[in-house]
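The values are calculated or read from the model by the stated rules, or taken from the named source; none is laboratory data. As the structure is a computational prediction, the values presented were derived from the model and not from experiment. Neighbour counts run over all protein chains shown; Cβ positions are idealised from the backbone, glycine included.
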């Protein structure tokens with residue numbers, strides 16, 4: 001059981017076996033980095049914040065009560081630290097204007113994507129997620145890649161479940177538009193109108 005192992009390593013760490021914490025770092029380091037890179041969009045800063053996340057988690061481990069999964073608690077730290085870094089750097093980014101391409105059929109988009117090689121498709125999806133605003137990119141990553149529930153994401157981000165549902169809905173629409181640009185760039189002009 002995934003959580004049973006986490007609790008074992010946590011209790012060992014709290015008893016003074018600091019090497020036990022390394023197992024938690026190894027287990028979660030890739031996903032913590034994924035969250036930080038999606039928010040910060042800068043490799044060096046994402047690596048730094050990921051490291052800070054584990055330092056903070058180690059220092060605050062005694063405050064972890066087990067009410068939520070350890071992974072959710074850890075992702076919450078990573079999420080807040082990444083947002084704090086953005087505020088500190090005063091580099092808030094937004095997706096200014098997304099062309100209206102709602103006239104395209106989502107089914108056609110899905111059919112076109114199935115024709116693209118798996119690796120290429122994965123790269124395109126990641127690039128599109130990176131174009132979302134930082135918080136939206138994190139929420140999409142939590143929901144689709146880590147398969148966290150809306151309730152868990154709300155707990156991590158300190159948002160209401162309703163807000164998370166709205167952000168997921170809007171992010172899906174933005175991703176659809178961004179994917180359309182990758183799949184059918186030759187049939188749209190700069191105004192987003194079909195030629």
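Annotation note: of 74, 14, 61, 92, the sole residue that is at pLDDT below 90 and either surrounded by fewer than 19 Cβ atoms within 10 Å (Cβ to Cβ) or within 19 Å of the chain's Cα centre (by Cα) (or both) is 92. Looking only at the range 144-186, filter to residues that are modelled with pLDDT under 80 and exposed (fewer than 12 other Cβ atoms within 10 Å of the Cβ); which one of those is nearest to residue 132 (Cα to Cα)? Only one residue tops the list, namely 185.
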